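All remarks here apply to the structure that follows.
The values are calculated or read from the model by the stated rules, or taken from the named source; none is laboratory data. Given the structure is predicted, the values throughout are model-derived calculations rather than measurements. No Cβ is skipped: glycine too gets one built from the backbone with ideal geometry, and neighbour counts run over all protein chains shown.
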Amino acid sequence: MTAFAQQRPVPAFRDEIPGVTSAPAREPAFRFEGVSKRFGDKTVLHGIDLSVAAGEFVAIVGKSGCGKSTLLRLLAGLEKPSGGRLHHAGDADARGDTRIMFQEPRLLPWARVLANVEVGLTGARLGSEGRDRAQGLLAEVGLADRAKEWPSVLSGGQRQRVALARALVGRPKILALDEPLGALDALTRIEMQQLLERIWRQQGFTAVLVTHDVSEAVALADRVIVIDSGRVALDLPIPVPRPRRRGSPELARLEGRLLDLLLGSTNGQES
């Protein structure tokens, strides 16, 4: 077995919920192996070891400045590690199969909604087949009737739906999500969480979500990773069947465990 294929041990919390068993092991989508990141004299990430299975939904939580967004930028290829290695399944340079979605939709104001989705297409994926897929993604996120409109007339939640369609139109293997729902109102945020989970389950990509919202993390993720001062403080499986009922005792207990750790942890300096 190669170093890439070896899974990092996690705390044995899977048996805490009676009647729930863990899913069969899957091949890794990517692995951080001793990854560190420095900006000048400041070390933001310290020897991160983390393996995520193909098709898994992982949430990363931590206080502001703990290094979680930096970790996501490394995964998306927007930053390079200062030390250690990042392996992708099948190809160590497979960053082209990763797309990232930010808190701000970052839509092109001079392009109509459909054209904004098509921005996510490259090379051979352009043309009529690509346009058909872009239109299909717009329908999937509930905006088929807004294809010819300008981004300026959309609500914040609708803009994020367009951004999600743009991120997925190229069929990425990994979707990195950097607080994409943080600026939405409570009800719109829940709707977007449900939409994201539904599309993830349908398409089977690997999802990595950075969030400050512990409730969001346990509602969506198969595992929650806690980052504290640039280190992995906890790797917590969420062995709760889907669809999950918000406010259930199982989720509340897991959320409480995470909050106990986060409220007792120290704050870093870089995000």
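Annotations for the structure displayed:
- Enumeration of residues in region 153-178 that are polar (S, T, N, Q) and outside any helix (DSSP H, G or I): 155
- Contacts under 7 angstrom Cβ, first residue in region 137-159 being surrounded by 14 or more Cβ atoms within 10 Å (Cβ to Cβ) and at pLDDT 95 or above, partner of a type in the set (Ser, Thr, Tyr) and part of a loop (DSSP other than H, G, I, E, B), 6 or more apart: none
- Only one of 183, 176 that is of a type outside the set (D, E, K, R), touching a residue at least 60 places away in the same chain (Cβ under 8 Å), surrounded by fewer than 19 Cβ atoms within 10 Å (Cβ to Cβ) and at negative phi: 183
- Scope region 142-164; condition over 17 Å from residue 204 (Cβ atoms) and either of a type in the set (A, V, I, L, M) or touching a Gly at 6+ places or on another chain (Cβ under 9 Å) (or both); matching residues: 143, 144, 147, 153, 154, 158, 161, 162, 163
- Flag for residue 133 being basic (Lys, Arg) and over 21 Å from residue 206 (Cβ atoms): no
- Residue count, region 96-152 (criterion: small (Gly, Ala, Ser) and assigned to a helix (DSSP H, G or I)): 11
- Scan of region 191-245 for residues that are of a type in the set (Val, Ile, Thr), over 13 Å from the mean Cα position of the chain (by Cα) and in a strand (DSSP E or B), ordered by number: 226, 227, 232
- Taken together, the residues in region 137-161 that are within 14 Å of residue 108 (Cα to Cα), β-branched (Val, Ile, Thr) and within 19 Å of the chain's Cα centre (by Cα) amount to 0.
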